[in-house]
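Asks: Let me begin by handing over the structure; questions about it come next.
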C-alpha cells in the first residue's frame, strides 16, 4: 500500500495539531474559565495568544488545511477524506501515549476497522490508476 | 442533557450537512483552480493566489465555520459521546456527494472501505 507523501504529511500534521491543542486547552482550562466567569474576553484572547503550545497547535491545523486543499486540487474527495481519517487513529494512539488516555477494546476495534477501510480505499485508488494507464495506452 | 432532543438533532444535522456541503464545495473549487501542474514553489504560490480569488473558497470556508459553530453549540448541550459518533455519518454523505454531484468514480472496493472507516470512526468516538 502506497500513500501519497502529502497524504502522510497531512495526517501527521493534523494529529500533532490536535494533541497540542488538547494539551494547551486542558492546561489553560482553569485560567480560561476564570476569565470567562468575569466576562473578560480580552484576557481569554491574551492567554491563548501568548501560549506557545496553543499557537503551535493552531499553526499545525492551519498547515493541515492548506495541505488538505492542495490534495483536493489533484485527488478525488472520495479518496482524500477516508484516507485522512487515519489521523483519528494516530490521534487516539498519541492520546494514549502522551496524554495517558485509555484505549478500550471497543476503540481498538474502531482503530482496526479504520485502518482496514483506509487500506481498501487506497487499493481502489491504485486499481483506478492502473486502468486509466491501460486506457491511455490502448 | 439540558436541551430537548429536537435541538440536539438539529445541531448534529447542522454539523453533518454544513461539513459535507463545505467539503464538496471546496473539492469542486480546488479542482477548478488546480488544473495546472504543481511542481515548483512558484506553481504553489500561483495556486494559492487562484484559490484566494475563487468565491467557492470563501463559501466552503463559511460552511466549515458553520459546521464548527454547530459542533460547539452541540457540545455545550449534549455529551461528546453522543455528538462525535453521529458526525461519522459525514463520510457516507460526502462519498455519496462525490459520486453523484462531483461525478467521481467510486468503485465497490472504495465504498466498502468508506463504510469500514465510518463504522470505525463511530466506535472510536463512542
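Bear in mind these aren't lab numbers, they're just calculated from the coordinates by the rules spelled out. Source: prediction; values computed, not measured. With ideal geometry, Cβ positions are generated from the backbone for all residues, glycine too; neighbour counts draw on all protein chains shown.
Asks: I need to check one value: relative contact order of the stretch A:1-111, counting alpha carbon pairs closer than 8 Å and at least 6 residues apart, in percent.
Replies: Working: 76 pairs, mean separation 44.4, N = 111.
Answer for the stretch A:1-111 is 40 percent.
Asks: Rounded to the nearest 500, what is chain A's calculated 222 nm mean residue ellipticity when only DSSP H runs of at least 4 contribute -39500 (n - 2.57) each, over all residues? Could the numbers behind the result be given before it?
Replies: Details: 6 runs with 119 residues, N = 138.
Here the helix-only value at 222 nm equals -29500 deg cm²/dmol.
Asks: Running a GNM on chain B with Cα contacts under 10 Å, which residue among B:38, B:82, B:96 ends up with the highest mean-square fluctuation?
Replies: B:38
Asks: Could you state the angle between the C-alpha long axis of helix B:55-77 and the longest principal axis of the C-alpha atoms of chain B, as a value from 0 to 90 degrees rounded to the nearest 10?
Replies: That works out to roughly 20 degrees.
Asks: Just tell me how shielded A:84-93 is by partners: mean number of partner chain Cβ atoms within 10 Å of each residue's Cβ, no decimals. Spell out each step's value before the answer.
Replies: Working: counts 1, 8, 1, 0, 6, 3, 0, 1, 2, 0.
Mean partner shielding for this stretch: 2.
Asks: Under 1.5 on a/c is rounded, so check that first for the protein assembly as shown, then, if it is not, pick prolate when a/b is larger than b/c and oblate when it is not; a ≥ b ≥ c are the square roots of the alpha carbon gyration tensor eigenvalues. Before the final figure, lay out the partial values.
Replies: Details: a/c = 1.68, a/b = 1.40, b/c = 1.20.
Prolate is the answer for the protein assembly as shown, as a/c is 1.5 or above and a/b outweighs b/c.
Asks: Before anything else, pin down the relative contact order of chain B: Cα pairs under 8 Å, at least 6 apart, normalised by residue count, whole percent.
Replies: Details: 120 pairs, mean separation 43.6, N = 126.
Worked out over chain B, it gives 35 percent.
Asks: Ok, one more. To make sure I understand, if each residue's beta carbon is the centre and we count other beta carbons within 10 Å, what order do B:58, B:122, A:39, A:119 fall in, fewest to most? Don't skip to the answer; put the middle values down first.
Replies: Working: B:58 12, B:122 18, A:39 8, A:119 15.
Going from sparsest to densest Cβ surroundings: A:39, B:58, A:119, B:122.
Asks: Stretched out fully, how many nm does the piece from residue B:32 to residue B:82 gain, at 0.36 nm a residue minus the Cα gap? Provide the component values of the computation, followed by the final result.
Replies: Numbers: separation 50, 0.36 × 50 = 18.00 nm, distance 3.69 nm.
Between residue B:32 and residue B:82, full extension yields 14.3 nm more.
Asks: Sticking with this structure for a sec: For A:108, B:111, B:41, what's the fewest-to-most ordering of other Cβ within 10 Å of each Cβ? Display every interim value, and only then the final one.
Replies: Details: A:108 13, B:111 18, B:41 7.
So the residues, fewest neighbours to most, are B:41, A:108, B:111.
Asks: Fewest Cβ neighbours within 10 Å first, please rank A:6, B:18 accordingly.
Replies: Values: A:6 16, B:18 21.
Placing the least packed residue first, the sequence is A:6, B:18.
Asks: Another question about this same structure. Give the residues of the stretch A:69-112 whose amide nitrogen is closer than 13 Å to a point set 7 Å from the Cα of residue B:44 in the direction of its Cβ.
Replies: A:69-71
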